[in-house]
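Here's the structure, in structure tokens; my notes come after.
The values are calculated or read from the model by the stated rules, or taken from the named source; none is laboratory data. On a predicted model such as this, the values are computed, not experimentally measured, just so you know. Ideal geometry is used to build each Cβ from the backbone, glycine not excepted, and the neighbour counts take in all protein chains shown. Please note that ligands, DNA and RNA were not included when accessible areas were found on the heavy atoms of the full protein model with its side chains. Shrake-Rupley method; radii C 1.70, N 1.55, O 1.52, S 1.80 Å.
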Amino acid sequence: MNLGIDLGTSNSAVVGVDDSGLRLFKTDDGKDVLASAIYFDRRGHMTIGTRAQAQAELSPDNVAQGFKRLMGTSSAIELEGANKSLTPEEASSEIIRQLLRQVEAETGSNEFAGAIITIPAAFDQMQSEATIRAAHAAGLSKVGLLQEPVAAAMAALEGATRRDGRFLIYDLGGGTFDLALVEASGGAVNVIAHEGIKMLGGRDFDRTIIDSVVRPWLAENFQLPENPSRDSRFKRLFAVVRMKAEVAKIELSTRETAVIYLSEDDARAQDLEGNDVYVEVEISRLRYEELIKDRILETVEISRKMLRENGLSNDDIDRIVFIGGPSKTPVIRDLVSRELGIPADHKTDPMTAVARGAAIFSESRDWSVEKGQRKAARGSVSTTGGQLTAKLDFTARSADENARLRIKADTSGGEYRFNVSGPNGFDTGWASLDQKATISLPLPKPGKHVFKVQIEQADGKKACDDQLVEIVRTEATAAAIHATRTVSVKVAQGPASERRNVLHPLIEKGTALPVEGVTSYKLREKLVGGTPDRFEVELYDHADGVDSPDLNLAIGIFAIPADDILEPGQVLAAGTEVNIHWQMDDNGLIRCEISIPSIQVHSERKNFYNPQAGQDRFDGEEGGSLAEAKLVQAQAAINDARSAIGDDSKLDGLQRRVARQHELLSNSSDAEARRAVTEEALHVQQELARLKEAPEHRRAVLLQEIEQIEEGVADLVDSFDPETVERLNTLLRSAREEISNKNWSEVRQLVQQARTIFQRALVQQPGFILHMFETLSEERHSALDKNLHDRLVQEGDQCLESGDIEGVREVVGAILRNRMPSESESGGVAILSSLMR
Ligand SMILES: Nc1ncnc2c1ncn2[C@@H]1O[C@H](COP(=O)(O)OP(=O)(O)OP(=O)(O)O)[C@@H](O)[C@H]1O
Ligand SMILES: [Mg+2]
């Protein structure tokens, strides 16, 4: 049996598929979906599912939930009450194990041909890898990944009468939003585009209800400390409130009002004046709709953008298939459907579609390789045994209701005839065979169909052995899987004195998978064996239209020490060719190897990223500072943009998003919230970068940049060497001139050149280095190795005391190298990539 597993933030499901079709395996308590919740009692006994979820009310400290949103990070999930600590990966693994137990309980078997686990389209490399590891740990050896919207699309075609057309998959789940534009033709699904928001789902709506309704009510009725939810005395209260808010939210899908009620006994907390706290607050559907409207409109905006980018309008789309719990909310369906002008599909079950689609897909995989590969769509056999050798070519797998069979034989030596018979009384009768014949075979229902091909001579004697041909009609097939993100390499660009880092795309979003290739780069600096020299290849998740490395997510780093490839003293010159042999399989996972032809070095194939280097921690004190720092950055970027372009409604929208994140951060201290905040801060900055590129803002933005550099030069004119000042002034003058010519790409280039030269000169200033050292010392949260950071800061302090500026400079470099690649560009002082184009 093959399995399809929907490993959801809130709920998970498992569907099996074999010759008899699809089969949903229910939970012990008879539910379609398993709550993704894990509870440990004090004796360490584990419970998973609805009962675990219910325990969150009584002992929130012992229940793990929502951990999918922490996948691919190093954040620990601490279950203090049970004295346990789990990684998000371990927690996911427990959920998978439980789903496998559900299958075993019904089938008695724990042997599976292969399994497909679904992931949000927005999952990056680290999150995908973590999911595969979780599956392996749960005992699944043959396992592949599939994007949730692709799975949903396949399920939407299952049993559908219309198996052609274009539709949108709108999947709003507990934690993530996924959107896909799908084209279907005869049951073959082609996902033309997908998009997603990693951090948008039902859990955010629960939070909104708490923050906008429950919190103000509490503040009005009780004397509470400033941030009660961060106070351990109220932890329980808020855990229970969260559950009740979710219940109320779900009620609002079918009712006009709901009450969030917690008795004094539920709350078990006293306010500052010693009063027993309770909650009794009503929320109307209208109020709830207002609260989530902005976020829903964000999904509408993404949908519009997707249609626009693909040259389509609403008329080109037949229907929207709504997937996920929150999409049962009437206002969400109505608003999205109305805003986009596309009718809603009401047939697909929003809770189990993803697992069903995954199962359909897993059936289409050939599991003789570890992560699975596509089964052949065509088959071919030869039959002989008598006078004739006949070759049969046929459709082996099809989502269509008909398949084609072609018989070819050299019949020149006599007269022959053939007969094909099959299920449901299908029979071609005897027909003469003249070299070749093409027959259309009906496939009345999904599953396996066996046809018998007979060929005989004119006298009725068999011309060759009868041959059986097996054809599978699938529920749906995936015509192609596409890369959901552009993956780029960080490279240094420009002449030596003006070099800066840019992203160079390896695999473009939308490329059909699997795909592989070789791209050549050059070493920027020489490498010497026997020294600590090394070179690094850094991989980025490259957001559309945002080219600056520090505004993108670093997803992997691949370091090669000189000592691994060179003899002591051996030198590899700057400019040496370095090849990256890259490959993205149809699970969306990247693998790379690196070769240096001049010294015949070929690194072994391995995963591109280093899990330690690639992961942020969002728990603990530092997790808070990390999120805080990102918000400060985003706010600074907004202020900067506003001073260039003035009032703008898009800017206001971004400002609101930042404000919301501030609120979220001050109200909660859990890792999940901090990750959400950190991601939002990055998205806001990416949006700003796009906004600044808009034609109507170009002039103002470039002028501002010119002015900023001019001011900097004026401030430092006495410390810079005259040549540099002269060069900068020339560049800036030309930039101003080109502005009046509206020659934007030229202006941009001049400004970039000027900025790079300015920063280079700035770094030479002792005062600047001291300032950087002070700032960086404080940013322990950005350090990969915290202990190393502490040692470096100590070292820097000693250098400072002894007035050793060069020493401080080195320490600054080392601190930057001990950060995520995207954060090593701090203060405009980038560590240049080891590679160049
Ligand atoms: N009838 C309903 N109306 C509104 N919201 C609902 C309803 N039923 C469930 N939800 C919400 O849906 C969310 C869970 O949805 P779902 O099970 O689709 O998510 P998931 O698949 O676990 O998450 P993801 O796909 O993001 O990983 C929860 O936030 C839950 O409160
Ligand atoms: Mg889901």
Among (1) touching a residue at least 40 places away in the same chain (Cβ under 8 Å); (2) open to solvent by less than 40 Å² (accessible area, probe 1.4 Å), the one test that GLN454 misses: (1)
Selection within segment 180-197 - within 16 Å of ligand 2 (Cβ to nearest atom) and touching a helix residue (DSSP H, G or I) at 6+ places or on another chain (Cβ under 6 Å): ALA180, HIS194, GLU195
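Residues are listed down the side, and each one gets a yes or a no for (1) without any contact (Cβ under 8 Å) to a residue 24 or more places away in the chain; (2) aliphatic (A, V, I, L, M); (3) crowded, with 24+ Cβ neighbours inside 10 Å; (4) not assigned by TED's automatic domain parsing to the domain that holds LEU100:
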{"site": "PHE123", "(1), (2), (3), (4)": "no, no, yes, no"}
{"site": "THR131", "(1), (2), (3), (4)": "no, no, yes, no"}
{"site": "ALA134", "(1), (2), (3), (4)": "no, yes, yes, no"}
{"site": "GLY139", "(1), (2), (3), (4)": "no, no, no, no"}
{"site": "GLN147", "(1), (2), (3), (4)": "no, no, yes, no"}
{"site": "GLY165", "(1), (2), (3), (4)": "no, no, no, yes"}
{"site": "TYR170", "(1), (2), (3), (4)": "no, no, yes, yes"}
{"site": "LEU181", "(1), (2), (3), (4)": "no, yes, yes, yes"}
Residues of segment 566-599 satisfying the condition of being β-branched (Val, Ile, Thr) and not in a strand (DSSP E or B): THR576, ILE599
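May I ask you to verify whether PRO350 is near ligand 1 (Cβ under 10 Å from one of its atoms) and open to solvent by 10 Å² or more (accessible area, probe 1.4 Å)?
Working: near ligand 1 (Cβ under 10 Å from one of its atoms): yes; open to solvent by 10 Å² or more (accessible area, probe 1.4 Å): yes.
Yes; evaluated as a whole, the condition is true for this residue.
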Residues that are open to solvent by 20 Å² or more (accessible area, probe 1.4 Å), in a loop (DSSP other than H, G, I, E, B) and over 16 Å from VAL502 (Cα atoms), drawn from segment 521-565: GLU525, LYS526, GLY530, THR531, PRO532, ASP533
Criterion: in contact with a Leu (Cβ under 8 Å, 6 or more places away or on another chain), away from ligand 2 (no atom under 16 Å from the Cβ) and acidic (Asp, Glu) - qualifying residue of GLU111, GLU129: GLU129
ASP6 vs. criteria within 16 Å of ligand 2 (Cβ to nearest atom) and of a type in the set (Asp, Glu): yes
Failed item, numbered, when GLU94 is tested on (1) more than 16 Å from ligand 1 (Cβ to nearest atom); (2) touching a strand residue (DSSP E or B) at 6+ places or on another chain (Cβ under 6 Å): (1)
Matching residues, segment 42-69, being modelled with pLDDT of 90 or more, farther than 20 Å from ASP266 by Cβ and either open to solvent by less than 60 Å² (accessible area, probe 1.4 Å) or not assigned by TED's automatic domain parsing to the domain that holds ALA130 (or both): MET46, THR47, ILE48, GLY49, ALA64, PHE67, LYS68
Which numbered condition SER313 misses (of (1) without any contact (Cβ under 8 Å) to a residue 12 or more places away in the chain; (2) within 16 Å of ligand 2 (Cβ to nearest atom); (3) polar (S, T, N, Q)): (2)
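Tell me which residues, restricted to segment 9-28, are within 16 Å of ligand 1 (Cβ to nearest atom) and at pLDDT below 95.
Step one: of segment 9-28, the residues within 16 Å of ligand 1 (Cβ to nearest atom) are 9-15, 24, 26-27.
Within segment 9-28, THR9, SER10 meet the criteria.
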Which numbered condition ASP434 misses (of (1) part of a loop (DSSP other than H, G, I, E, B); (2) under 30 Å from MET154 (Cα atoms); (3) not hydrophobic (A, V, I, L, M, F, W, C)): (2)
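How about segment 209-315: which helices (runs of 4 or more DSSP H) wholly inside it have at least 2 residues that are in contact with a Pro (Cβ under 7 Å, 6 or more places away or on another chain) and surrounded by 16 or more Cβ atoms within 10 Å (Cβ to Cβ)?
Details: elements: 215-221, 235-251, 264-267, 285-309.
Ranges flagged: 235-251.
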Sole exception among (1) away from ligand 2 (no atom under 16 Å from the Cβ); (2) among the basic types (Lys, Arg); (3) within 20 Å of ILE260 (Cα to Cα) for ARG203, by number: (1)
Condition check for VAL701: surrounded by 16 or more Cβ atoms within 10 Å (Cβ to Cβ) and among the hydrophobic types (A, V, I, L, M, F, W, C): yes
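Quick one: in segment 183-207, of everything that is assigned to a loop (DSSP other than H, G, I, E, B) and either open to solvent by less than 10 Å² (accessible area, probe 1.4 Å) or away from ligand 1 (no atom under 13 Å from the Cβ) (or both), which residue is farthest from LEU252 (Cα to Cα)?
GLY186
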Unique residue being closer than 22 Å to ALA476 by Cβ, at pLDDT below 90 and either among the small types (Gly, Ala, Ser) or more than 20 Å from the chain's Cα centre (by Cα) (or both) when the list is ALA156, ALA151: ALA156
Residues of segment 475-515 that turn out to be modelled with pLDDT under 90, assigned to a loop (DSSP other than H, G, I, E, B) and of a type in the set (D, E, K, R), as a count: 4
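Just to be sure before I move on: is VAL812 in a helix (DSSP H, G or I), touching a Gly at 6+ places or on another chain (Cβ under 9 Å) and either open to solvent by 60 Å² or more (accessible area, probe 1.4 Å) or among the hydrophobic types (A, V, I, L, M, F, W, C) (or both) in the structure I sent? Working first, answer last.
Working: in a helix (DSSP H, G or I): yes; touching a Gly at 6+ places or on another chain (Cβ under 9 Å): yes; either open to solvent by 60 Å² or more (accessible area, probe 1.4 Å) or among the hydrophobic types (A, V, I, L, M, F, W, C) (or both): yes.
So VAL812 passes the test.
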Selection count, segment 86-135, where residues are over 21 Å from PHE25 (Cβ atoms) and either modelled with pLDDT under 95 or within 17 Å of the chain's Cα centre (by Cα) (or both): 17
Residue ID - nearest to GLU401 (Cα to Cα), chosen from residues in segment 429-451 that are modelled with pLDDT of 90 or more and open to solvent by less than 20 Å² (accessible area, probe 1.4 Å): LEU443
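Does at least one position in segment 153-160 carry a residue that is more than 16 Å from ligand 2 (Cβ to nearest atom) and within 28 Å of VAL487 (Cα to Cα)? Lay out the reasoning, then the answer.
Taking segment 153-160 first, the residues more than 16 Å from ligand 2 (Cβ to nearest atom) are 157-160.
Now restrict to residues that are within 28 Å of VAL487 (Cα to Cα): none.
There is no residue in segment 153-160 that is more than 16 Å from ligand 2 (Cβ to nearest atom) and within 28 Å of VAL487 (Cα to Cα).
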Test: VAL518 is open to solvent by less than 20 Å² (accessible area, probe 1.4 Å) and more than 30 Å from LYS452 (Cβ to Cβ): no
